[in-house]
1. Sort 158-165, 448-455 for me by packing, meaning the mean count of neighbouring Cβ atoms within 10 Å per residue, highest on top.
2. Pairs of alpha-carbon atoms within less than 8 angstrom and 6+ residues apart define the contacts here; what relative contact order does the chain have, in percent?
3. Over the Cα atoms of the chain, what radius of gyration and what Dmax do you get, in Å?
4. I need K106, K266 ordered by Cβ neighbour count within 10 Å, fewest first.
5. For the residues D492, D388, what sequence is obtained by ranking on other C-beta atoms within 10 Å, fewest first?
6. Sorted by packing (mean other beta-carbon atoms within 10 Å per residue), highest first, where do 424-435, 77-88 land?
7. Taking +1 at the Cβ of each Lys and Arg and -1 at the Cβ of each Asp and Glu, which of Q173, T148, A220 sits farthest along the dipole of region 138-240 towards its positive end, judged by Cα position relative to the Cα centre?
8. How high is the relative contact order of region 252-342, given as a whole-number percent (alpha carbon pairs under 8 Å, six or more residues apart)?
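Values in this text are rule-based calculations from the coordinates and carry no lab data. All of these numbers come straight from a predicted model, not from anything done at the bench. Every residue, glycine among them, receives a Cβ derived from its backbone with ideal geometry; neighbour counts consider all protein chains shown.
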Amino acid sequence: MKKPLFSLLLPAIGLLIFSGTTFAQTTMNMAIREDAGPTISRNIYGHFSEHLGRCIYDGFWTGDKIRMDVVDALKKIKIPILRWPGGCYADQYHWRDAIGPREQRKKTVNSTWGMVTEDNSFGTHEFLELCSLLGCQPYIAGNVGTGTPEEMSNWLEYLNFNGSSTLADLRRQNGRDQPWNVSFWGVGNESWGCGGNMTPEFYAGQYKRYAEFCKNYPGAPLKLIASGANSEDYNWTDVLMKNISLRNTWGISMHYYTIVNSWQHKGSATQFGEDEYFKGLASCLKIEELINKHSAIMDKYDPAKKVALVVDEWGIWTDAEPGTNPAFLYQQNSLRDALIAASTLNIFNNHSDRVKMANLAQTVNVLQSLILTDKDRMLLTPTYHVFDLYKVHQDATLLQVQFFSPDYSYGNSKLPAINASASRDAAGAIHISLVNIDPSKKISVRANLQGISWKSVEGQVLSSPKFTDINTFDQPGKVRPASFSGARRQGDELVVELPAQSVVVLELK
Ligand code: AHR
């Protein structure tokens, strides 16, 4: 939590007696002000789609067609960017296997995720058609682990060259006349692990070699992203920042997953008590420490913050749903996961001076999905609704929000109960997103909007009676946003009665 620079803001505990029931209620002061903040890049609201389990096949692509129900749902939340084809799979992917007439495409084995046969019916053309239907930017991860600089530079030429060459002409022969001008390219994925078990020194050398052959074709200036650290591996970031050319590097990535118990015993997505609820939120909130520490290292080499920190994989990773293939990473999504998404997005917003892109893992049917599908049915998860509520922050100007959060205590441990972020959009409206992770305490927030003039407030809330509540195909609307009546103007202050375990997004005009 940021240290307050102005006003002394202290929480106070009160006890309300209400209809014979006793509710502990806390009040909290907050100050919000405009301070020439950075723009919150829309790409912080990005997503990730890998050839893993049922993300691509069944999720985006069925019966040789892009699923338009999924496209329409993602367009509604203004998906800005989609990362593909992995993940770990990127470092075993050879793009030429998946172009040309579908019946002639190679059959390969997805040895990363379950040894399943990959018919490659969804390849480069299909992915870029998907992005164009979504109205989002593509972000392609190149193969460093089993590929070559030649393979990656050929892929770039195939996609981005407008002139005549064997590769550009092959693209035309395969049905695409104009180049796609793809800017965002990842140079490998998790090169410290599934991408080749490299040391940071070795990877830095590889990165420079690959980057040299990734060419800027006219109209397609590249934004290269180096494969970055695994969570707290600060040395990785340091070695990269020191050794690679920052001039032709747009960003360095970082991967961090919320893990409730341990990598071996992650825990259920739906069956958990307050112990695992608390641990899940604690693990999620730790990402702020990681961002601070990686950013501090980047500041040493790049004080002007020209190189972005790209959190291109994040989200909660639980055990797979019982009865599903464990290699397919299919998990349900509860109110807890929505609170995790909302809290993480508040953190990203508040660090948007350095975090310029993030991609939740993964969009459909894998890990912390936005959408689950079952044959031709689909449902929107609680996490989807967070992205819907938070889309108002895309490309808005960050405002400063300061407060001392009351504690959410469980046993001998505690966490800040409240997290928040705020922004002003191009039309002048202010949006404030507030999360109360305390599962049993309402919190009354009194916000002083210093020097900001506003007349009206309205909002939406996402909550549910139990933090284990989920949406199912039988009950797809159990956890969904509702209009919020708990915010009002009192004198010059904004007063918000924040329900327990809730996300509230307010609009002030
Ligand atoms: O998102 C699932 C996997 O998690 C990705 O393939 C990999 O990059 C990470 O370890």
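1. On the way: 158-165: 17.0, 448-455: 13.6.
Per-residue mean Cβ counts within 10 Å order the peptides as 158-165, 448-455.
2. 19 percent
3. Spelled out, the Cα radius of gyration and Dmax of the chain are 23.0, 79 Å.
4. Numbers: K106 12, K266 20.
Ranking K106, K266 by Cβ neighbours within 10 Å, fewest first, gives K106, K266.
5. Working: D492 10, D388 20.
Least to most surrounded, the residues fall as D492, D388.
6. Ranked from most to least packed, the peptides come out as 77-88, 424-435.
7. Q173
8. 44 percent
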